[in-house]
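Where a number appears in this text, it was derived from the coordinates with a stated rule and is not lab data. Everything quoted here is computed from the prediction, not taken from an experiment. Positions of Cβ are backbone-derived with ideal geometry, glycine not excepted, and every protein chain shown enters the neighbour counts.
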Amino acid sequence: MTAKTKDGKEVFNQQKIYTPQSAAKGRGDKMVYGPHRKSGMLRDTTLQPGQTKAETFEINFPYEDSDKDDKKIRNVTAKQLEVVVRLWHLPAGGELAKLEVDKGKFLFHESTRSVTVE
């Protein structure tokens with residue numbers, strides 16, 4: 001998920017990874033093998049077909065602090081952000097940024113919304 005200002009400056013970027021965790025590693029979010037080869041799982045945090053999941057992200061709008069009449073004032077410098085959410089499938093795991101589209105990673109869903117603060 002990313003959030004950018006109108007001029008294209010990225011102010012937020014965060015990933016959530018849903019993957020089974022094998023007993024061999026059991027820590028972190030790295031897969032040793034693809035999900036089709038998992039056995040003896042500690043837990044399964046994958047998204048199942050048709051399953052919905054709600055996530056919460058806290059995005060701080062860019063701001064500047066200033067002093068006026070011996071009082072601190074916070075001015076929001078960008079009152080509108082474009083938020084893009086992408087849901088990727090990585091059949092064999094790996095790092096999202098290093099994989100090639102439609103070979104190592106597949107885009108399932110993309111949604112873009114404009115968020116405004118008053």
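Couple of notes before you dig in:
- Dipole of region 52-110 [Lys/Arg +1, Asp/Glu -1 at C-beta], most positive-end residue of Trp88, Phe61, Ala78: Trp88
- Fewest neighbouring Cβ atoms within 10 Å first, the residues Thr116, Thr45, Thr2, Thr56 line up as Thr56, Thr116, Thr45, Thr2.
- Difference of contour (0.36 nm per residue) and Cα-Cα distance, Ala97 to Phe12: 29.0 nm
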